[in-house]
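Here the structure is laid out as structure tokens; the discussion comes afterwards.
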């Protein structure tokens, strides 16, 4: 179907939706992209992209625009709560032949994808209903306008409205983690991915260029605190290493609950879910953006090669499910490791931590 005049709607203009739009345009399609939210600045947070994300960006021909952004990360360092070393992962060796690891502001990646997607995003266009027709999908927007499409792609995140409207699944399942994100300026010098592991909580710092640090912390819980800055200082005030200086430099902190999406199928009729709408996990392995970028590449290839939309969706899901299932299972594994009492966990990590953490990415080193 490459280059065919398929009418395609992509719902959601985040990383997943824009990556899909970019991949489809490269394959000769011209999708419409809608976003229910008005245009605006993204939250000031950072993003760590493992090597498989870099490979997907190459396939999308966006590695050039991304290369000047942020900072290449060569090593992951795991410390205990006091700041003493636990283990390291050599990222250059782990991802050799796949791609380099990079950390950058999320907004900068979004701008690259927005430019690469081409065409305008229709903001404020929320889908009210979808109607599964023979060989098409009827879409009605909240403003009352209606259109038919040959394919509707829900790229609208873990709380996807398209997933609900297409009867593909209900609300996401909370993972029991409260997560905190912030960008620190004029903080301590941290030159690599550095995480301190405590009692059912962890604090991560990653340089994202221009003297900025992306800071991510999590704890076991179900309710975000009213004052996230105060909570971070309470929770991690006794930690060692660079954490005290980072806590002193905190200004704005974004806090939320992480969700997991696990579905029996990703498509119904000619409606398909991609990215977090289909397979969200906790961000422990930093694979959310990488999986969305890979989804885009594989979906465009599947549509280009297949003789029908239905065959393309079947081929797409058969290729993507093993990788997303691996990410989900390894995410759960790592979270269980984090939750082991430090007296038991830390000696294990000092002996075999590098191998354990590196193994979590083994399947992702192979081809898409």
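When 118, 97, 154 are checked against the criterion of being over 30 Å from residue 213 (Cα atoms) and modelled with pLDDT of 95 or more, 154 stands alone in meeting it.
Quick one: which residue in 303, 272 is at pLDDT 95 or above, buried (at least 20 other Cβ atoms within 10 Å of the Cβ), on the phi < 0 side of the Ramachandran plot and not in a helix (DSSP H, G or I)? Among 303, 272, only 272 is at pLDDT 95 or above, buried (at least 20 other Cβ atoms within 10 Å of the Cβ), on the phi < 0 side of the Ramachandran plot and not in a helix (DSSP H, G or I). Exactly one residue among 235, 196 is touching a strand residue (DSSP E or B) at 6+ places or on another chain (Cβ under 8 Å) and in a strand (DSSP E or B), and that residue is 196.
Against the conditions (1) within 21 Å of the chain's Cα centre (by Cα); (2) farther than 20 Å from residue 74 by Cβ, residue 166 satisfies every one except (1).
Checked against (1) at pLDDT 95 or above; (2) in a loop (DSSP other than H, G, I, E, B); (3) touching a strand residue (DSSP E or B) at 6+ places or on another chain (Cβ under 9 Å); (4) surrounded by fewer than 23 Cβ atoms within 10 Å (Cβ to Cβ), residue 13 meets all criteria but (4). Would a scan of segment 235-255 turn up a residue that is surrounded by fewer than 18 Cβ atoms within 10 Å (Cβ to Cβ) and closer than 27 Å to residue 327 by Cα? Yes, segment 235-255 contains at least one residue that is surrounded by fewer than 18 Cβ atoms within 10 Å (Cβ to Cβ) and closer than 27 Å to residue 327 by Cα. Number of residues in segment 74-94 that are touching a strand residue (DSSP E or B) at 6+ places or on another chain (Cβ under 9 Å), surrounded by fewer than 19 Cβ atoms within 10 Å (Cβ to Cβ) and either assigned to a helix (DSSP H, G or I) or modelled with pLDDT under 95 (or both) equals 1. Would you confirm whether or not segment 143-165 contains a residue that is buried (at least 16 other Cβ atoms within 10 Å of the Cβ), on the phi > 0 side of the Ramachandran plot and touching a strand residue (DSSP E or B) at 6+ places or on another chain (Cβ under 6 Å)? Checked against the condition, which is being buried (at least 16 other Cβ atoms within 10 Å of the Cβ), on the phi > 0 side of the Ramachandran plot and touching a strand residue (DSSP E or B) at 6+ places or on another chain (Cβ under 6 Å), segment 143-165 yields no hits at all.
Go through segment 37-59 and give me each residue that's modelled with pLDDT of 95 or more and surrounded by fewer than 21 Cβ atoms within 10 Å (Cβ to Cβ). Answer for segment 37-59, where residues must be modelled with pLDDT of 95 or more and surrounded by fewer than 21 Cβ atoms within 10 Å (Cβ to Cβ): 58, 59. Residue 225 meets each of the listed conditions (1) closer than 25 Å to residue 332 by Cα; (2) assigned to a strand (DSSP E or B) apart from (2). Please verify whether segment 306-319 includes one or more residues that are surrounded by fewer than 20 Cβ atoms within 10 Å (Cβ to Cβ), in contact with a helix residue (DSSP H, G or I) (Cβ under 7 Å, 6 or more places away or on another chain), over 27 Å from residue 191 (Cα atoms) and at pLDDT below 95. Yes, the conditions are met somewhere in segment 306-319.
The values are calculated or read from the model by the stated rules, or taken from the named source; none is laboratory data. Owing to the predicted nature of the structure, the values given are computational and were not obtained by experimental measurement. Here Cβ is always computed from backbone atoms with ideal geometry, including for glycine, and neighbour counts include all displayed protein chains.
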